[in-house]
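Derivation of every value follows stated rules applied to the coordinates shown; laboratory data play no part. Computed from a prediction, not measured in an experiment: that's the story for all the values here. Counting neighbours? That spans all protein chains shown, and the Cβs are built from the backbone with ideal geometry, glycine included.
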Amino acid sequence: MSESGPSGRPTRALHLEDQHGAHAHSAIPYFLVWVALLFFTALTYLTGKQHLGTWALALALTIACTKSLLVALIFMHLKDSSGTTRLVFATSLVFVALLLLFTVADVATRFRPATPAGAPFGTERSQPEGLLEHEVPE
Amino acid sequence: MSHEASAGAGARLPPGILAHHFSSLSRQNEAMQLGMWLFLATEILLFAGLFTGYSVYRFQFPEAFAACSRHLELSLGTVNTLVLITSSLTVALSIHYARSDRPRAAAVCLVLTLLFALTFLGIKFVEYSAHFHEKSLPGKYYAFEEVKIPGAAMFFSLYFLMTGLHGLHVVAGMSVLSWLLWRTLQGRYSSAYYTGLELGGLYWHLVDLVWIFLYPLLYLI
C-alpha cells in the first residue's frame, strides 16, 4: 500500500508542501458547513412532513446526497485528499449504485406471483399478457 | 495534510511515529489515509446491503412503510440528526485545533463529541423502549395494534437492523474517540503529526453520513 499511494506523483508532494507552507487552515469552513447541514436538515424536515407524493423520495435523497457531499468534501477533507483516496470513495459509490439499480430494476419488473403475499404494488401492470386470470396463482 | 516531514515539523514529532518501512512521513500519512478510506468503502458497502433490502421492501409495501414511518417519533429523530451533525462539527474542530497546536481545545472538542454521542444513544434508547412497549418489533414479535397491514413487520425489521447497526457504529466510534482523547491529552497530536486523530474523525463522519440517509428514509416517508 505504501507504493500505490504516492508512487510517481511528484506534483502531489509539491502540493503538500505548499499547503504546509501556507499554514492557512481556518475553522470557518467547518462552521459554514455546519450551518448548511442544519439548513438542509430543516429543509428535509419541512418538506418530508408534507408527504409531497411522487417527488418526495427524490427530493429527500437529493438533499441527503448534498449533505453527504458537504460532509465528505469539507469535514472528511476529501477536497484536499489525494486522487487515490478519491478514487476509492468514488468506486464504492459506483458499486452502491450498481447494487441498488439492478435490485430495484428487478423488483420493479416482477409479475404478481413473484411478489410477496400482500404486496400491493406491480400487480396488474406487470402481469404477463398471455396469462389468463385463473392461471395466476394467488 | 500539511504534515510534510520538513526540518521544522520533524523536531516536534513524537518518537515512534514514522515506521521504518516508509521513506517519509508524508508517504506514511498517505498510506494511512488510503487504508482508512478502503475500510470506509467496505463500511459503505455493508450499509448499502441494508439500504438495498430497504428499497426492495419499500417498493413492495409502500403503504405499510408510510404508515409505520408515521408512527416513529419524528421529533426525536430530528433532534438526533441535529445532535449527530453537531458532533461531526466538533470532531472536525478537534482535528483543526490539534493541527493548530492547541491540544487542550482539541480535547475539549472530543469530550463534546462524546457527550453528543451519548445524547444520541440516550434518545435512541427512549425510542427503542417505546417500540418494545407498543410491540412494534421485527418479524414474529410484531404485534403493533395501530398498523396491521402486510409489510409492517418488515418495516420494523429493517428499522431495527439499520438503526441497530448504526448504533453499534456509534458505540465503536465512541471507543475510538475515547482512545484518541487519551492520546490527545498525552500530547501525541500536533501540527507535526495528527493523522491518527484524523482517521478516527473520518470514522465518526461516516457514522454521521449513514444517519443522514437513515433519517429521511425511516422517519419521513
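For the reader, a short list of remarks on this structure follows.
- Backbone HN-Hα couplings from phi across the range B:164-169 [Karplus 6.51/-1.76/1.60, Hz, Gly and Pro as x]: x, 5, 5, x, 4, 5
- Residues residue A:110 and residue A:46, FRET efficiency given R0 of 35 Å [Cβ-Cβ distance, rounded to 0.05]: 0.50
- Taking a quarter of the surface of the Cα convex hull of the range B:23-219 gives a mean projected area of 11.4 nm².
- Relative contact order for chain B, counting Cα pairs under 8 Å that sit 6 or more residues apart, in percent: 32
- Bridgeable lysines around residue A:67 (alpha carbons under 29 Å apart, same-chain partners fewer than 8 residues away excluded): A:49, A:79, B:124.
- Rounded to the nearest 10 degrees, the angle from helix B:74-99 to the longest Cα principal axis of chain B is 10 degrees.
- The mean number of Cβ atoms from other chains found within 10 Å of a Cβ in peptide B:26-33 is 6, as a whole number.
- Here the 3J(HN,Hα) profile of the range B:46-55, calculated from phi with Karplus coefficients 6.51, -1.76 and 1.60 at θ = phi - 60°, is 4, 5, 4, x, 5, 5, 5, x, 4, 4 Hz, Gly and Pro shown as x.
- Here the Karplus relation 6.51 cos²θ - 1.76 cosθ + 1.60, evaluated at θ = phi - 60°, turns the backbone of the range B:57-64 into coupling constants of 7, 5, 5, 8, 10, x, 5, 4 Hz, with x for every Gly and Pro.
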